[in-house]
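Worksheet for the structure shown next.
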Amino acid sequence: MRKEDTTSNVLVYVELADGAPVKAGLEALTPAHMLTEKNGGDVIAAVLGKGISDAAGLVAAAGADRVITVDSEELAEYDLDAYADILRQIIEKEKPDVVLLGGTGDGKDLAPKLAAIFDAAAAADVTDIKVDGEDAVFVTTEYSGAIYSDVLIEEARPGIATTRSGAFKKPECESRGSVEAADLKVSDGVVKTKVIDTVKEITEAVNLEDAEIIVSGGRGMGSKENFGLVEELAKILGGEVGATRPAIEDGWITKNHQIGQSGKVVAPKLYIAAGVSGAVQHLSGITGSDYIVAINKDEDAPIFSVANVGIVGDAMKVLPVMIEEIRKIREG
Amino acid sequence: MNILVCIKQVPDDSVEVTMGADGKPAVEGITPVVNAFDTYALEMATRLKETLDDGSEITALCIGPDSAKNSLKNCLAVGADYAYLVNNESVDETDAMGIAHILKGAVEKLVAEKGKFDLIFTGKEATDVALGHTGIYLAYKLGAAVITDAMDLEVKGDRVTVKHETEEGHRVIEAPLPVVLTVTKPAYDPRYPTIKNKMAARRKPIDELKLGDLVAMDQLTAKIRTVSEYEPPRRAAGVKIKEESEEESAVKAIQMMVDAKVL
Ligand SMILES: Cc1cc2nc3c(=O)[nH]c(=O)nc-3n(C[C@H](O)[C@H](O)[C@H](O)COP(=O)(O)OP(=O)(O)OC[C@H]3O[C@@H](n4cnc5c(N)ncnc54)[C@H](O)[C@@H]3O)c2cc1C
């Protein structure tokens, strides 16, 4: 498609998990509104799956002007080829100028798949949108978050982008959009893969993006047992537990606690990092924090360059004292 | 099996990139390396080759500058049997779709020489731009199945079963060959080359494919354009505490946190 063939509508794919819209999907409605407020048009949400009327209602109440549902047996389980084919049909009918997807694992696959189908282009992990005349300039990051890059999709349409989880807040919404069911079928021959099992290894929900206090541990914690100090401090502070990639690879905590380039980007009021060196891939996930406290035995650790307070010392000795002191404060 | 691994050369990802005076990221001084996710892909392919032990061969393919021959030599030292470079120094600007066009052309050229590829590996993304698009684009252009975020795989007959990473765990996905796989960080680390393999790799040729033989130049026109690059606002470093004992340091830090009203 070319630019002149599109409407000014923005299509948002809102992914579902366990029958409810995922946060990243709802967050993508916000930049969609930023575009339609400037250029007119509707924010159209696409919701796919089986038995999804409740979820569609939630999306309509969350800020979509229109919700298009495709509710069918063949969409009961997610499949990249099948879902992309349904979204293709919706895009061909609605001709949106821009298509936004929450930057979940599946969103990050669907975006380039759609770009390939439409011979268009996609921006990844967008953290902000600047509306420049009629065009959307997407703010993205490169080099592990060390550089920001503003990108523009010129002619090819639709312009596709995934939004970085946590970068936009879900819309505050008073109005309620309409819900319309579309009777679409997955085209013959497009599905080349078969999902034979879906395994949930992680059951507890961790909300690092919204946490006000996060205590993180890195490889310097040395063992799963010592990592317990990080968890204990988080607990008495009423915060969440974060971790670096090595701490996760060593099995001290599950991967949904990972912070950084290939984990979550966080912006708490207080971030405490123990035994974390401060690699670029980790720092890019934490620099939005209001106040950073670092504990590291190496005086030259890069983490100190972003810390408001840096404690040079052994975390195994520092953390128990901090836990004790904070307990005293909390108990008044 | 005939296996292809597509690799990209990127600046060493452990070095923090800053903006240069010319308004571009200053990457010239940073050691070029094979993209981390491509090293995971090559390791996965090499382990598969070793498990199958049936004379399977791995070809490494890179689109990049002449200096990327060095990266390809490193690939030859850790599992690749053949290495090809497509020199793209004549291309000013393209995007991931353009790269996928070149890769498709290169795959077709290599297929004519070596027969069909059963598996094509790419990293899930490159550490420089972190897009994660190229593998999916390439699969689409080749009309092959694609399975992303592969952590592990098993080949049985003419099918592959892949452990695909998700936020909450994984899916087990199966597809008939040929398949394009994009590889995430598996449970293992890529191997280091032995001195012997390094020496052997040095003697192996790096073959060049000519860009002009693979694509029409107008296919390389970028559809997505960078309008500006800049550094994010920097945080200033605060105070460092190093008292006689850890206990004193901790108490002092807590006092500062109380004063800053973050507790
Ligand atoms: C493509 C890619 C993506 C990545 N994504 C991420 C990501 O999302 N998140 C992430 O975190 N990393 C990521 N990484 C890894 C990253 O590059 C670093 O390797 C990692 O962040 C380092 O973790 P660490 O600080 O725990 O370990 P190390 O770098 O090993 O640091 C351990 C630190 O602990 C200190 N220490 C040791 N003992 C003690 C003690 N007793 N008391 C106090 N301090 C002590 C040491 O001085 C050292 O500074 C990624 C890497 C790549 C290539």
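Using the Cβ of A:Asp197 as centre and a radius below 14 Å, the other residues enclosed give a net charge of -4, where K and R count +1 and D and E count -1. Legend: mean number of C-beta atoms from other chains within 10 angstrom of residue C-beta atoms, peptide A:109-122, equals 6.
Over the range A:89-156, accessible surface divided per residue gives 26 Å², non-protein components excluded, 1.4 Å probe.
Within the same chain, lysines fewer than 8 places from A:Lys235 are excluded, and of the rest, those with a Cα less than 21 Å from its Cα are A:Lys224, A:Lys255, A:Lys264, A:Lys269, A:Lys317, A:Lys328, B:Lys261.
What fraction, in whole percent, of alpha-carbon pairs in the range A:218-301 exceed 16 Å separation? Walk me through the intermediate numbers first.
Numbers: 1668 of 3486 pairs.
For the range A:218-301, the fraction of Cα-Cα distances above 16 Å is 48 percent.
Computed over protein heavy atoms with a 1.4 Å probe, the accessible surface of chain B works out to 47 Å² per residue.
For B:Leu131, the residues 5 or more places off, or on other chains, whose built amide H falls under 5 Å of its own are B:Ala126. Per-residue ellipticity at 222 nm from helix content only, as computed over chain B with -39500 (n - 2.57) for each DSSP H run of at least four residues, stands at -9500 deg cm²/dmol. Mind listing which GluC sites (Glu not before Pro) in the range A:168-235 are in a DSSP loop and have 13 or fewer other Cβ atoms within 10 Å? Those that pass, being in a loop and sparsely packed, are A:Glu172, A:Glu174, A:Glu201, A:Glu204.
Ratio of Rg to Rh for chain B, alpha carbon only, Kirkwood?
Values: Rg = 22.1 Å, Rh = 20.5 Å.
Looking at chain B, the ratio lands at 1.08.
Expressed as a whole percent, the accessible surface of the protein assembly as shown that belongs to carbon and sulfur atoms is 48, based on a 1.4 Å probe. Lys/Arg Cβ at +1, Asp/Glu Cβ at -1, dipole of the protein assembly as shown taken about the Cα centre: which of B:Ile30, B:Ala60, B:Ile206 is farthest positive-ward? Final value for the positive-end residue is B:Ile206. Counting Cβ atoms of other protein chains within 10 Å of each Cβ in A:311-320 and taking the mean gives 5.
What whole-number volume per residue, in cubic angstrom, does the convex hull of the C-alpha atoms of the protein assembly as shown give?
On the way: hull volume 98.5 nm³, N = 595.
Once divided by residue count, the hull of the protein assembly as shown is 166 Å³.
The listed peptides A:10-18, A:191-199, ordered by packing as a protection proxy, come out as A:10-18, A:191-199 (highest mean of other Cβ atoms within 10 Å first).
Under a 5 Å amide H cut-off, with hydrogens placed 1.01 Å from N, A:Ala181 pairs with A:Thr69 among residues at least 5 apart or on other chains. Backbone phi angles across the range A:5-10, fed through the Karplus curve with coefficients 6.51, -1.76 and 1.60 (θ = phi - 60°), yield HN-Hα couplings of 8, 9, 8, 8, 5, 10 Hz in residue order; Gly and Pro are listed as x. Chains A and B together bury roughly 6700 Å² of accessible surface, counting both sides and using a 1.4 Å probe on protein heavy atoms. Loop exposure criterion: GluC sites (Glu not before Pro), DSSP state outside H, G, I, E and B, at most 11 other Cβ atoms within 10 Å. Applied to chain B, the longest stretch between such sites is B:94-243.
Ranking A:Gln261, A:Thr193, A:Leu152 by Cα position along the charge dipole of chain A, where only Lys, Arg, Asp and Glu carry charges on their C-beta atoms, puts A:Gln261 farthest toward the positive end. Over 20 Å intervals from 0, what percent of Cα-Cα pairs in chain A sits in each interval? All Cα pairs considered, the percentages come to 30, 50, 20, 0. Per-residue ellipticity at 222 nm from helix content only, as computed over chain A with -39500 (n - 2.57) for each DSSP H run of at least four residues, stands at -8000 deg cm²/dmol. Note on chain B: with a GNM built from Cα contacts shorter than 10 Å, the maximum mean-square fluctuation among B:Val86, B:Val27, B:Val162 falls on B:Val27. Mind jotting down the distance between the C-alpha centroids of the range B:94-131 and the range A:125-171, whole Å? Each part reduced to its Cα centre gives a spacing of 25 Å. The alpha-carbon atoms of the range A:10-181, seen along their principal axes, cover 42, 35, 29 angstrom, with the largest extent given first. A simple packing score, the average count of other Cβ atoms within 10 Å per residue, orders the peptides A:217-224, B:210-217, A:320-327 as A:217-224, A:320-327, B:210-217, with the highest score first. Computed from phi, the 3J(HN,Hα) profile of the range B:135-142 under the Karplus parametrisation 6.51, -1.76, 1.60 (θ = phi - 60°) reads x, 5, 4, 4, 4, 4, 5, 8 Hz, with x in place of Gly and Pro. Cross-link partners for B:Lys196 among the aspartates and glutamates, with Cα-Cα distance under 17 Å and sequence neighbours closer than 8 places in the same chain left out: B:Asp81.
Measuring r between the beta carbons of A:Ser8 and A:Glu231 and using R0 = 35 Å, the FRET efficiency lands at 0.10.
Counting Lys and Arg as +1 and Asp and Glu as -1 over every other residue whose Cβ lies under 13 Å from the Cβ of A:Tyr291, the net charge comes to 0.
Net charge of the neighbourhood of B:Glu243, taken over other residues with C-beta under 15 Å away and scored Lys/Arg +1, Asp/Glu -1, is -2.
Averaged over B:11-20, how many beta carbons belonging to a partner chain fall within 10 Å of each residue's beta carbon? Write out the running numbers ahead of the final one.
Numbers: counts 1, 0, 7, 4, 4, 11, 7, 3, 3, 0.
Whole-number average of other-chain Cβ neighbours for B:11-20 is 4.
The values are calculated or read from the model by the stated rules, or taken from the named source; none is laboratory data. Small disclaimer: the values here were computed from a predicted structure and weren't measured. Reconstructed Cβ throughout: ideal geometry from the backbone, glycine too, with neighbour counts over all protein chains shown. Accessible surface is based on the protein model in full, side chains and every heavy atom, while ligands, DNA and RNA are left aside. Shrake-Rupley method; radii C 1.70, N 1.55, O 1.52, S 1.80 Å.
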